[in-house]
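Peer 1: Right, I'll just put the structure down here and ask away after.
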Amino acid sequence: ADSDLVCRGMEALKGDTPGSDQSCVRYAFEDKTLTMTHYNAGFNCCPGKILVDLQVKGDSLIITEVDSLQECRCTCRFDVDITLANLDKGIYHVKFIEPLVQDRGFLEFTLDLKTQRQGMVCVTRDYHPWGK
């Protein structure tokens, strides 16, 4: 992620993208490449760069998102694009570790790349910077 990061307002998004109280991942898998967009990921309003660490441990896929700076006294929601190459077809337990979530409602799901090549998974959150 880079400087074109745009802080999302509290309005609902258009089309089939999630509302302000949801954190969602849309994914697609093709030719051993998994692409994901994490909608409404929460970070500092002035995050610098958003860094993503991907770890594949057996059947677990752990995605840790970190903001490189925390220069402002506010939080915001951003969309983060993630690509993971050379991934075998299989069933994975996916867990997103986000800086503002801590132990409240991690975005976790089972991803069956043998049968489901694309989809979207969401979790609803009722605390800042999410909510209505």
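The values are calculated or read from the model by the stated rules, or taken from the named source; none is laboratory data. Computed from a predicted model, the values in this text were never measured in an experiment. Cβ coordinates were reconstructed from backbone atoms using ideal geometry, including for glycine residues, and neighbour counts include every protein chain displayed. Side chains included, ligands, DNA and RNA excluded: accessible areas come from the protein's heavy atoms. Shrake-Rupley method; radii C 1.70, N 1.55, O 1.52, S 1.80 Å.
Peer 1: How do 107, 5, 51 stack up against each other in accessible area, from largest to smallest, with a 1.4 angstrom probe?
Peer 2: Final ranking, largest accessible area leading: 51, 5, 107.
Peer 1: Next question, about the same structure. From the protein chains alone at 1.4 Å, what is the descending order of accessible area for 60, 20, 68, largest first? Working shown, then result.
Peer 2: Working: 60 35, 20 10, 68 55 Å².
Result, largest first: 68, 60, 20.
Peer 1: Sticking with this one: Run the Debye formula on the Cα coordinates of region 31-87, all scatterers equal and no solvent, and tell me log10 I(q)/I(0) at q = 0.13, 0.16 1/Å.
Peer 2: Debye curve over Cα of region 31-87, log10 I(q)/I(0) at q = 0.13, 0.16 Å⁻¹: -0.39, -0.55.
Peer 1: Normalized C-alpha radius of gyration of the chain, against 2.2 N^0.38 Å? The partial results should precede the final answer.
Peer 2: Working: Rg = 14.5 Å, N = 132, 2.2 N^0.38 = 14.1 Å.
Taking N as the residue count of the chain, the ratio is 1.03.
Peer 1: Starting from 0.36 nm per residue, how many nanometres of slack lie between residue 62 and residue 106 once their C-alpha separation is accounted for? Display every interim value, and only then the final one.
Peer 2: Details: separation 44, 0.36 × 44 = 15.84 nm, distance 1.14 nm.
Separation in residues times 0.36 nm, less the Cα-Cα distance, equals 14.7 nm.
Peer 1: Which order do 38, 128 take by accessible area at a 1.4 Å probe, largest first?
Peer 2: 128, 38
Peer 1: Leaving out ligands, DNA and RNA, what percent of the accessible area of region 63-132 is carbon and sulfur, probe 1.4 Å? List each step's numbers first, then the result.
Peer 2: On the way: 1910 of 4150 Å².
On region 63-132, the fraction of accessible area on carbon and sulfur atoms equals 46 percent.
Peer 1: Then there is this: Want the number for residue 54 to residue 95: 0.36 nm per residue separation, take away the alpha-carbon distance, what's left? List each step's numbers first, then the result.
Peer 2: Numbers: separation 41, 0.36 × 41 = 14.76 nm, distance 1.02 nm.
Once the chain is fully extended between residue 54 and residue 95, it gains 13.7 nm.
Peer 1: If you don't mind, there's one more thing I want to ask. Just to verify a number: what accessible area does residue 8 come out at with the full protein assembly present, 1.4 Å probe, Å² rounded to tens?
Peer 2: Residue 8 has an accessible surface of roughly 70 Å² with all protein chains in place.
Peer 1: Ranked highest first by average number of other Cβ atoms within 10 Å, how do 81-89, 41-49 line up? Show your work: numbers first, answer last.
Peer 2: On the way: 81-89: 12.4, 41-49: 20.2.
Packing proxy ranking, top to bottom: 41-49, 81-89.
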